[in-house]
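Notes for the one structure printed next.
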Amino acid sequence: MKETFFRSMTWLHTWVGLLVCWVLLLVFFAGTLSYYRYEMTLWSKPELHKNVFQQYDASQVASELERAQRYLTEHAPDARDWRVNFPTDRKPYMSYGWQTQPEEGQRRGQFVEHIVPIEGDKLISEVRESKGGHFFYRLHFDLHYMPAKIARWIVGFCTMFMLVALISGIVIHKRIFKDFFSFRRNKGSRSWLDAHNVSSVIALPYHLMITYTGLVTLMVMYMPWSVITAYDGDFKGFSKELRPSRVLVKPVGVEAQTVSLTTLLPQVQELWGQAPLKQVVINNPSDQNSRVNFYKETGETVTDRRTAITFNGINSELLNPGVEPDSGVRNTHDTLIALHTGRFAEPILRALFFICGVLGCAMITTGTLLWAVKIRQKQQKQIKQGAKPSLGLRLVEGLNLTFITGLPLATAAFFYANRLLPVDMVNRAQWEVNTFFITLAAVALLACFNRTLTAWRLVITITAASLVAIPLLNALTSSSHLLSNIAQNQWPLVGFDLMCVFIGMSLFFARTKLVAKQAVTSKRNVNTTSKGRQITIDASPATKEGV
């Protein structure tokens, strides 16, 4: 530790942030995109862009349930479960789905979903395979290409470092209120420090909330000792007592007639009134141990609790009235989870969450760039004498180029792969994901050989052009385009296209700043002496290696 408390906190803030910053950037980046995962998923399936958008209609619930049960009985009699999904604000279409029985060696069967069009009896079944926005949601805490449990431990470890960095950052901020308004342009490392401070302070409550609640989401995994002590390590028993409505029952293999879903509606309405339904799940259809679960749309409720009204699927007996044991601890936990996921957020609040997430990415990137600039300044004398930058500096600058510019480019490549890969390609969804990581690896390869402003400008230019062209890509590869989506009030698709254009134009603006910076640097590198003799000075650190 250092000689004073302030210096110790500064040292702690620097190193706990730097050691895990690139993993945190990936987590923040994917988590920020996850606020619009349903919109991205909808865009990634152009087969759904016409004749499916609809709103929930309470007067049609009975007829839709009757139609759904008839269709599922005919097309999926041996399924493990049936699902009837009603339209919501985030998923504005109705669909039928089912889980097939798992084959030998499989833990779960395949999930099949058919979309119900507004007009016509033929359901839309030929929808391209794609993870869409759900890929970024899972990437946010499961990473990829590794076991989920290991990935969650890595993310949890980095998140704890993030929390320490935030707290130590607050401690070392002597002028936290003034930093809210301070930004000095074109001042080298001082400008990067100001940008780091501004992006940190503006969204500081969000940063603290999202980091702490991120740990809470997996707290039983990180701190299992209470369950081990109270339940003797029986995690299934703990889950059963905590969420009794989610306990799955196994089929007994005795065939029986599943009750008509419409006959259960009066009891559901008696318990929930006219609350809109989100989903109906029938477990073990046509089996004597069948269960029917009704879930309501929680909408903008902060305490997002998925509680079901459960009936016996054979004799209509009410097994769970949709009310589970309540407590202050449980309400607090559910509220913290809802704050982290933002499921309750209406459009304006969701956009605010997204902006705060972008500021979180900016906070991390400016911190890493600030460290690189300061270390290069310290090594400038040795570099001018012909020595190479230290391995640590080259590594940091390479990782900065890879993740700061590579993540947006990889995301654009993911969306292009979604539209350009053959629709009937085997493992198509996985190859969309592979495209994301192949693009990121390509930027990393570039960073191994070139970390100059030219490399930054090249990657940013490609990313900007790719994002600005997203509406054109959509128009050429689907039956809809930006103007038709506006005319038909398909705002999720319109918002996706416009957001891509806005981010692309912002990157073009960043590119112009890099060009201007390189021009100014080049001009400074050529000095004229008082006698008129021209002397060429070595390129500045920003031009020779990194930003």
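Couple of notes before you dig in:
- Average accessible surface for the stretch 51-166: 56 Å² per residue, computed with a 1.4 Å probe over protein heavy atoms with every protein chain in place.
- Theoretical FRET efficiency, 1/(1+(r/R0)^6), r = Cβ-Cβ of Phe111 and Leu242, R0 30 Å, to 0.05: 0.75
- Computed [θ] at 222 nm, helices only, for the chain once each DSSP H run of length n ≥ 4 contributes -39500 (n - 2.57): -18000 deg cm²/dmol
- Accessible carbon and sulfur surface of the stretch 6-148 relative to its total accessible area, %, 1.4 Å: 50
- Taking 0.36 nm per residue of separation and subtracting the current Cα-Cα distance, fully stretching the chain between Val358 and Ile337 would add 5.5 nm.
- Structure note, pairs Lys174/Lys513; Lys122/Lys278; Lys91/Lys236; Lys45/Lys240: Cα-Cα distances above 26 angstrom occur for Lys174/Lys513; Lys91/Lys236; Lys45/Lys240.
- Helix 453-468 and the long axis of the chain differ in direction by around 30°, with both axes built from C-alpha atoms.
- Here the extension length gained between Ile228 and Asp326 equals 33.0 nm, from 0.36 nm per residue of separation less the Cα-Cα distance.
- Between the residues Asn427, Pro408, Leu395, the greatest Cα displacement towards the positive end of the dipole of the stretch 368-433, with unit charges on the Cβ of Lys, Arg, Asp and Glu, is found for Leu395.
- Cβ-Cβ distance of Lys513 and Arg90, R₀ of 22 Å, FRET efficiency by 1/(1 + (r/R0)^6): the value works out to about 0.05.
- Approximate spin-label separation Arg67-Ile150, in nm, with each point projected 7 Å along Cα-to-Cβ: 4.8
- Solvent-accessible surface of the stretch 400-467, taken per residue with a 1.4 Å probe and all protein chains present: 38 Å².
- Straightening the chain between Ala275 and Glu74 buys 69.4 nm, computed as 0.36 nm per residue apart minus the Cα-Cα spacing.
- Candidates per chymotrypsin sites (Phe, Trp or Tyr not before Pro) in the stretch 463-510, loop by DSSP, up to 11 other Cβ within 10 Å: none
- In the chain, the longest principal axis of the Cα atoms and the axis of helix 61-75 are about 90 degrees apart.
- Note on Ala465 and Phe437: with the Förster distance fixed at 30 Å, the Cβ-Cβ geometry gives a FRET efficiency of about 0.90.
- To put it simply, the accessible area of the stretch 333-420 at a 1.4 Å probe is 70 percent carbon and sulfur.
- Exposed trypsin sites (Lys or Arg not before Pro) absent: longest stretch of the chain, with sites in DSSP loops and at most 12 other Cβ within 10 Å deemed exposed: 188-530
- 9 Å beta-carbon shell around Ser479, net charge (K/R +1, D/E -1): 0
The values are calculated or read from the model by the stated rules, or taken from the named source; none is laboratory data. Bear in mind the structure is a predicted one, so any value in this text is a computation, not a measurement. As a convention, Cβ positions derive from the backbone with ideal geometry for all residues, glycine included, and neighbour counts pool all protein chains shown. Keep in mind that these areas ignore ligands, DNA and RNA; they rest on the heavy atoms of the full protein, side chains included. Shrake-Rupley method; radii C 1.70, N 1.55, O 1.52, S 1.80 Å.
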